[in-house]
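Nothing in this text is a laboratory measurement; each read-out follows from the coordinates by a stated rule. Here the structure is a predicted model, which means the values were calculated and not measured. No Cβ is skipped: glycine too gets one built from the backbone with ideal geometry, and neighbour counts run over all protein chains shown.
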Amino acid sequence: MTFELSEDILEAILNTGKETVKVSNLENLANGNTEGLEKALTCLKDKGYVTESSQGLSLTDKGTLKAAQVARKHAVLTSFLTDVLGTEPDHASKEACQMEHSISTETIDRLDTFLENRGPGHKPGHGRTWGRRAARIEHPVMQEHEGHVHEGHAGLTKRNPIVSLSECQEGSLLQVSMIRCFGKHSRLIDLGVIPGELITLRRKLDNHAVVITVKGCDIALSPEVAENIMVERCNTQ
């Protein structure tokens, strides 16, 4: 329990995109088990994965790397379940949450290679369409509101199909849903392009590369990378 919860906490903090997260905003991960949450946090601090200040919890460099490793497992498992087995994205995400804590890195590497060799053109379930919401890398991005954690971003509603970034129109406000072949494109984490993050598609170039804005910075992405970033268009309420 402590091991799984510890990994959930690391990834949840990573997915917020914030430097610090209040402990109270992580309580839902423990399903009301306050003692279990305290044990998991103590374990993370003892191992040097997180630090705690008056503002909240922060990932160390070591903790960020560990969170990214767990995130990769979830992304690869979700992609395999949806792309190969045709599992509905929401169910695939829940299944991936259970499997990611016990599966080995070697097996994930093999699955990632298998998915990469299939190419980005394959659709989930051999022709099945994407569901209304794609699986996210562990927990949806979290926002603080009256001391609680909520999914999504305030003022936005996402009720559109999941498509690749390369299929979207210039000027679109998008939310990253998942990244296919995550291991190959893991550098996107350093750029802030992670599931749950809002991005804007600024330009589509003649060579099919794209320019996006994430966290206030413009980033150019190759056609291959853009094809493997799955997004959902956001509508303002």
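Values as computed for the structure displayed
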| quantity | calculated |
| --- | --- |
| Hydrodynamic radius (Kirkwood) for segment 1-74, which is based on Cα pairs only, to one decimal in Å | 12.0 |
| Burial ranking of peptide ranges 202-210, 91-99 (average Cβ count within 10 Å, highest at the top) | 91-99, 202-210 |
| Calculated FRET efficiency for the pair GLU170/MET99, C-beta based, R₀ 35 Å, to 0.05 | 0.40 |
| Contour minus Cα-Cα distance for LYS45 and GLN69 (0.36 nm per residue) | 6.8 nm |
| When each of LYS22/LYS66; LYS45/LYS66; LYS73/LYS215; LYS18/LYS66; LYS22/LYS47; LYS47/LYS215 is checked by Cα-Cα distance, pairs over 22 Å | LYS73/LYS215; LYS47/LYS215 |
| Theoretical FRET efficiency, 1/(1+(r/R0)^6), r = Cβ-Cβ of THR113 and THR20, R0 35 Å, to 0.05 | 0.45 |
| Estimated distance in nm for a label pair at GLU224 and GLU38, the labels positioned 7 Å out from Cα along Cα-to-Cβ | 5.1 |
| Partners for LYS204 among aspartates and glutamates (Cα-Cα distance below 19 Å; same-chain residues under 8 apart left out) | GLU167, GLU170, ASP218, GLU224, GLU227, GLU232 |
